[in-house]
Amino acid sequence: MTIEFRNLNFAYDTEPILQQVNLTVATGELLALVGPSGSGKTTLLKMVNGLLTPTTGEVLINQQPLTSLDLLAHRRQTGYVLQQGALFPNLTVAENLAVLPKLNGWSPRQIKTTTAQWLQEVDLPTTILNRHPAELSGGQQQRIGIVRALMTQPPILLMDEPFSALDAITRQQLQTLTKQLQAKYAPTTIFVTHDMQEALTLADRVAVMQAGRIVQVATPAELQEHPVNDFVTQLIQGGTHA
Ligand SMILES: Nc1ncnc2c1ncn2[C@@H]1O[C@H](COP(=O)(O)OP(=O)(O)O)[C@@H](O)[C@H]1O
Ligand SMILES: [Mg+2]
């Protein structure tokens, strides 16, 4: 399933936030959207599941304008992983994981079996199922966040700075896990980060954003060999720019 932004512009009132964004993410590709805080990454991501609507231009899913699709059905086939704290705090892990499958009409038995399989996939014990999110470490919460997003095997996966709040080691473990699961299930993926090193580690291609514009789209190797300007060079050399 492809995701395409075509001549996309977005403004709050008259303040331009996204300008002339043109980008196609291929089926099964992992595209990292990297740029400093405030450059428009989250805003662009929200265009994909219709949480925000372009001022001009359009988003196409498999070459169909998003505006022509059933938005709720589209959202149900889009996995979304946010920063730590995005699980429902009042629900247990099992209940958190069951929300989407229930909407998709799965039987309780199917939910239970699939949940157990996925916990194994992300190296968590089933004893965790009856706990609430506050009773998990940050890394465990994000593992559950990933399971919640992938369990229904959506063709599209959106991740918005999912590991930014984690310590370096946990972060590296979850990057590896993400890479493995993304390769295995191959959802078309946009991974937002302000950390260029994370983008270079994970992505098939990297799109660099600066002040609402995409200034370069390239493979990690191309980007490192031929950065288009000083801004990109500095992001690469500086590593993290929060
Ligand atoms: N609801 C809003 N109203 C007005 N401006 C906003 C709103 N949300 C975000 N912005 C502005 O849009 C710009 C891009 O924000 P965002 O997409 O969240 O950046 P990023 O995710 O790259 O940090 C920022 O300048 C931010 O202040
Ligand atoms: Mg953001």
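The values are calculated or read from the model by the stated rules, or taken from the named source; none is laboratory data. Note that the structure is a prediction, hence the values are computed from the model and not measured. Backbone-built Cβ (ideal geometry, glycine too); neighbour counts: all protein chains shown. For the accessible areas, the whole protein counts, side chains as well, though only heavy atoms, and no ligand, DNA or RNA atoms are used. Shrake-Rupley method; radii C 1.70, N 1.55, O 1.52, S 1.80 Å.
Miscellaneous remarks
- Three-way shape call for the stretch 132-242 based on the alpha-carbon gyration tensor, with the a/c threshold at 1.5: prolate
- For the chain, the number of Lys pairs with C-alpha atoms closer than 23 Å, counting only pairs eight or more positions apart or on separate chains, is 4.
- Between helix 168-185 and the chain: long-axis angle, C-alpha atoms, 0 to 90°, nearest 10: 90
- With every protein chain in place, the stretch 7-159: carbon and sulfur % of accessible area (1.4 Å): 50
- On a per residue basis, the stretch 170-242 carries 45 Å² of accessible surface, using protein heavy atoms and a 1.4 Å probe.
- Residues whose amide H comes within less than 5 Å of that of R213, counting only those at least five positions distant or on another chain, are Q19 (H built at 1.01 Å from N in the peptide plane).
- Neighbour net charge for L200 - beta-carbon separation under 15 angstrom, K R +1, D E -1: -2
- Percent of Cα-Cα distances greater than 28 Å, calculated over the chain: 32
- Spatially, the stretch 123-154 and the stretch 188-242 are offset by 29 Å when compared through their Cα centroids.
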